[in-house]
Amino acid sequence: MWFAVLVTQVFAALVSGAATDTLLSAVQNTDDCPSCLALLSTFQTIALTGTDAFITAFTSLCIEMGTDDPDVCTGIIGLEGPILAHDLRMINTTGQTAEKLCDALLGMCVTHPINPFTVPFPKSPPSNPKKFVSRGRPPIRVAHLSDVHIDRMYTVGSEANCTKSICCRDFPDSPAIPTEPALPNGNLHCDSPISLGDSMLEEVERLNPRFSIFTGDGKEATTDLKAFNEQMASKLSAPIFPSIGNHDTAPVNAFARSTSHTTNNSQFVFDIQSAGWEQWIGPTAAFEVDHNSGSYWAQVPGLDLRIIAVNTQYWYKQNFWLYDSDVFQPDPNGIIAFLVDALQAAEDAGDRAWIIGHIPLGKEDTMQDQSNYYDQVLQRYINTIAGQFFGHSHKDQFEIAYSNYSEQTAANAVSVGLIGPALTPSSGNPAFKFYDIDPDTFSVVDSSVIFTNLSDPEFPVRPTWGLYYSARETYGPLVGLAPDEPLSPAFWHNLTEVFAVNETAFQMFNTFISRGGAVTACDADCQNTTICDMRAFRSQNNCDTPTPGLSLRRRATASHEHDACEGSGLAYILSGMVEASRSRMSSP
């Protein structure tokens, strides 16, 4: 018996070694779309022998090439690798799905036409749409929280500048004396400690909003989701309308389609949030969370305003469950159909609606097909939609939607997506937004960023929160905003016109992106690309096409708009392998 076991182990080792060598050869030759498809074919051959063999070969190569810390290689590939192996066993590695997978993994094969699909609507637009007119009443205040990334394992005094995918934790191989000890309340290399989350929520409560929206990314795992719901409930007295982020599941990004033949899904997330959010959104909306893949709509108490929360992760390139079929699926899990039904109900009732979600529709990491279909919905219900709010990028940004993207003018600007900054210090100074809202039209009258400065000597003791800037006060004079005008889509477009000719104003915006905490230089080319992105609430119109071969590890683009939210993941690991193999080949 022992001899048979030994033979099996030796054979497995030989197969694994051969698979690793085969993978290394394929990785070394990957530099364009055809070679990326060939790499997927190599991966597929190994995946067909079994998930364990796939994980072993992939992990061995990651460690052997020094792509990342061995624990990171083992952890990420062990969690996300089975999904990729599943995909590869289900698809043709020369088809459109494989090309989209190469786009997600390596920024290759990015050019393909939009798959034609016309979103069905239950009714035509009303011939006499309801008019929403401001009566000049005092605005109501709303808080916008996003990307808090609470790390409940954050350990004061641990190593803050480590080689793991997340630092400020005690690891078995942590140095006895840290080179940069993690301070109370947070560190720029790490996610948020519980104390920083408490501090932010206490400041929100002090500012006394009518209600708050939370656009996702608390932290993955069951205990984290429950804990942040409890944390918000204990600190905030006004209603909260949350949405689900890509980090709100485990492994991150992984939301399986209902058509996927797998038991590995994120229903546990919907179950937890249905129960946790019911106190704010009510039992009917909570039922929708559980049965509509995390999406719901709920009425704001006392207002003719509905909040429609959509799970944008079914349109996200880094959700690798979206690549397990060659049959094109225009509306994974019916999220767009749900959005149409919710907006039609709002229109029929004469209410206005806000759409909240995690990933903005104009980002490079949003699938172009679904972004295009979402735009069809936006254009149809533009009279009902009063606002759109997102997170994910960790940056203070905005994206404008146009009735005609070929003529991007103030007159054609029909909506804007406002993107909230992050609490986590890893992407700049911790911050959230506060909006002044017209109580009749539910349009944004002002957008203010509230922040705390990491460089403040008092920050480790007690973070001090304050106004960073008001969009109305800062940007209004640049475009001649009248006292009774809201921050309309035309306002935001006119601001982009200013940014195009006023270098000082643009660089001020570039500083505001990270609340002055992680400012990245932005030259003329970057400026042009950034302005293009501001005018792209449809991902097919942005200018953030990754350049294969140029800093693949960071997914670099012309506007340095790599995915700050992701950090380490399969795409990060694989692109790191390609980069490492090129370095080896170019070395003398």
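Only the coordinates and a few stated rules stand behind these numbers; no lab work does. What you are looking at is a predicted structure, and each value in this text was computed from that prediction instead of being measured. Reconstructed Cβ throughout: ideal geometry from the backbone, glycine too, with neighbour counts over all protein chains shown.
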### Query
So what is the relative contact order for the chain, in percent, with contacts set as C-alpha pairs under 8 Å and at least six apart?
16
#### Entry: Label-point separation, residue 482 to residue 32 (7 Å along Cα→Cβ), nm
5.6
### Shape category assigned to segment 79-153 from the gyration tensor of Cα positions, a/c cut at 1.5
oblate
#### Entry: For a label point 7 Å along the Cα-to-beta-carbon line of residue 326, residues of segment 73-100 with backbone N under 11 Å
90-98
#### Entry: Lysine-lysine proximity count for the chain, Cα under 25 Å, sequence distance 8 or more or distinct chains
20
### Message
Counting only helical runs of four or more DSSP H residues, what would the 222 nm mean residue ellipticity of the chain come to if each run contributes -39,500 (n - 2.57) and the total is spread over all its residues?
### Response
-12500 deg cm²/dmol
### Task
Based on other C-beta atoms within 10 Å, arrange 52, 290, 533 from fewest to most.
52, 290, 533
### Cβ-based exposure ranking for 226, 219, 131, in which fewest neighbours within 10 Å come first
131, 226, 219
### Task
Would you mind working out the magnitude of the charge dipole of the chain relative to its Cα centre, with +1 at each Lys and Arg C-beta and -1 at each Asp and Glu C-beta, to the nearest 20 Debye?
700
### Task
Please give the length that would be gained between residue 114 and residue 152 if that part of the chain were fully extended, namely 0.36 nm times their separation in residues minus their C-alpha to C-alpha distance (nm, one decimal).
9.5 nm
### Message
Residues of segment 398-442 with backbone nitrogen within less than 19 Å of a virtual label 7 Å along the Cα-to-Cβ line of residue 133, please, listed as ranges.
### Response
438-442
### Query
Under unit Cβ charges (Lys, Arg +1; Asp, Glu -1), what dipole magnitude, rounded to 20 debye, does segment 403-470 have relative to its Cα centre?
260
#### Entry: Dipole moment magnitude, nearest 20 debye, segment 58-153 about Cα centre, only Lys, Arg, Asp, Glu C-beta charged
1440
### Task
Return, for the Cα atoms of the chain, the radius of gyration and Dmax in Å, separated by a comma.
23.9, 86
#### Entry: For segment 381-391, Karplus couplings with θ = phi - 60° (6.51, -1.76, 1.60), whole Hz, Gly/Pro x
10, 5, 6, 8, 7, 9, x, 9, 9, 9, x
### Task
Could you check the simple spin-label distance between residue 226 and residue 504, using points 7 Å along Cα→Cβ, in nm with one decimal?
5.6
### Query
Using modelled amide H (1.01 Å from N, peptide plane; none on Pro or chain starts), what sits under 5 Å from the amide H of residue 241, excluding residues fewer than 5 places away?
212, 213, 214
#### Entry: Principal axis dimensions, segment 199-283 - Cα atoms, whole angstrom, descending
48, 26, 18
### Query
Of all DSSP beta bridges located in the chain, what percent are antiparallel, nearest 5?
60
#### Entry: Segment residue 238-residue 407, extension gain: residue separation times 0.36 nm, minus the distance between their alpha carbons
56.7 nm
### Task
Give, in nm to one decimal, the length gained when the segment between residue 376 and residue 287 is fully stretched (0.36 nm per residue of separation minus the Cα-Cα distance).
29.3 nm
### Message
Using Cβ counts within 10 Å as a stand-in for footprinting exposure, how do 20, 409, 74 rank, fewest first?
### Response
409, 74, 20
### Message
Positive end of the dipole of the chain, charges at C-beta (+1 Lys, Arg; -1 Asp, Glu), about the Cα centre: which of 132, 161, 359 has its Cα farthest in that direction?
### Response
132
